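Quick notes on the structure that follows.
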């Protein structure tokens, strides 16, 4: 992980961290229901490492419970 | 042998045509590979254009997706490819990003969705036009290891226990107290920082804190927020983050972005509803 040094008070990384990306692509974005083949909210992320990685799991569980 | 079964992966939706060139037949630069490695193309209906890719059902159909989403390497690769296409599209003009793994059985179903959701999608587009998303994370700055005991922890001399074990416990307790109070201070700072950044943004969204192991830092995360910021105020926003970092030594701040407006594309009140 590289960090910019131009502004010592705030650190910025050059490469996108997967955990930041998953926050956005799994919990953000427009959610479409209906004709899609599978809603990600219907996927039970059972792999422990994956559940830990995806901080948005709680969001997914909530949306699954709401639509149930 | 039968032809491979295909389905359609949806990346983003844009307003059709205009100076951005979002139109059926349009394409994203060829050097941006989609999730299935194929070319990315466009489907239009009702003044909207969807950015899509034909994908192999054996990897991206419902059953395969359910399995593959559990595979961290696949998820990493696919999330990055999804993001790369959305970013390339966002360079052309405003786009509404779709959640990962939005897959249709046919192009006709995508066009049907554009017609059915046209009003929502147009209003999402107008909400995010000329804006970008910025991520701000705050981590509690750990106190120095050899910090002196906090005043309230200095025991009454009359009851002070003796012996190396007791001294260790006392030192340990002082360390824990110092860490706890520095975390409380960090959480108060996080609230103030968030309140301040809300004033520099159009809207905001709070995400759950990331686990320390996975965030790549041992420090406790006390803020994980996304802000929708107009492009003309982007420099002002970054400057505000830098000022806040200086003004709040109990936290370290990390800024990410600009991101396509992932966290602000759906209507928070209705997006999750069927």
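The table below gives the values:
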{"quantity": "Lone unmet requirement of (1) touching a strand residue (DSSP E or B) at 6+ places or on another chain (Cβ under 8 Å); (2) surrounded by fewer than 19 Cβ atoms within 10 Å (Cβ to Cβ) for residue B:71", "calculated": "(1)"}
{"quantity": "Checking residue B:108 against (1) free of Cβ contacts under 8 Å to residues at least 40 places away in the same chain; (2) facing another protein chain (nearest Cβ under 7 Å), the condition it does not meet", "calculated": "(2)"}
{"quantity": "Complete set of residues in segment B:76-113 that are in contact with a helix residue (DSSP H, G or I) (Cβ under 7 Å, 6 or more places away or on another chain) and surrounded by 18 or more Cβ atoms within 10 Å (Cβ to Cβ)", "calculated": "B:79, B:82, B:83, B:94, B:95, B:96, B:97, B:99, B:100, B:101, B:103, B:104"}
{"quantity": "Test: residue in segment B:10-29 that is under 25 Å from residue A:33 (Cβ atoms), part of a helix (DSSP H, G or I) and either touching a strand residue (DSSP E or B) at 6+ places or on another chain (Cβ under 9 Å) or more than 12 Å from chain A (Cβ to nearest Cβ) (or both)", "calculated": "no"}
{"quantity": "Residues within segment B:35-61 that are surrounded by fewer than 22 Cβ atoms within 10 Å (Cβ to Cβ), without any contact (Cβ under 8 Å) to a residue 60 or more places away in the chain and in a loop (DSSP other than H, G, I, E, B), tallied", "calculated": "5"}
{"quantity": "Residue B:64 vs. criteria crowded, with 17+ Cβ neighbours inside 10 Å, part of a helix (DSSP H, G or I), assigned by TED's automatic domain parsing to the domain that holds residue B:99 and over 22 Å from the mean Cα position of the chain (by Cα)", "calculated": "yes"}
{"quantity": "Test: residue in segment B:198-208 that is out of contact with any strand residue (DSSP E or B) (no Cβ under 9 Å at 6 or more places or on another chain) and either surrounded by 16 or more Cβ atoms within 10 Å (Cβ to Cβ) or touching a residue at least 60 places away in the same chain (Cβ under 8 Å) (or both)", "calculated": "no"}
{"quantity": "Residue in segment B:230-241 that is within 14 Å of residue A:23 (Cα to Cα), surrounded by 15 or more Cβ atoms within 10 Å (Cβ to Cβ), touching a strand residue (DSSP E or B) at 6+ places or on another chain (Cβ under 9 Å) and at pLDDT 95 or above present", "calculated": "no"}
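The values are calculated or read from the model by the stated rules, or taken from the named source; none is laboratory data. Keep in mind that what you see is a predicted model, and the values were worked out from it rather than measured. As a convention, Cβ positions derive from the backbone with ideal geometry for all residues, glycine included, and neighbour counts pool all protein chains shown.
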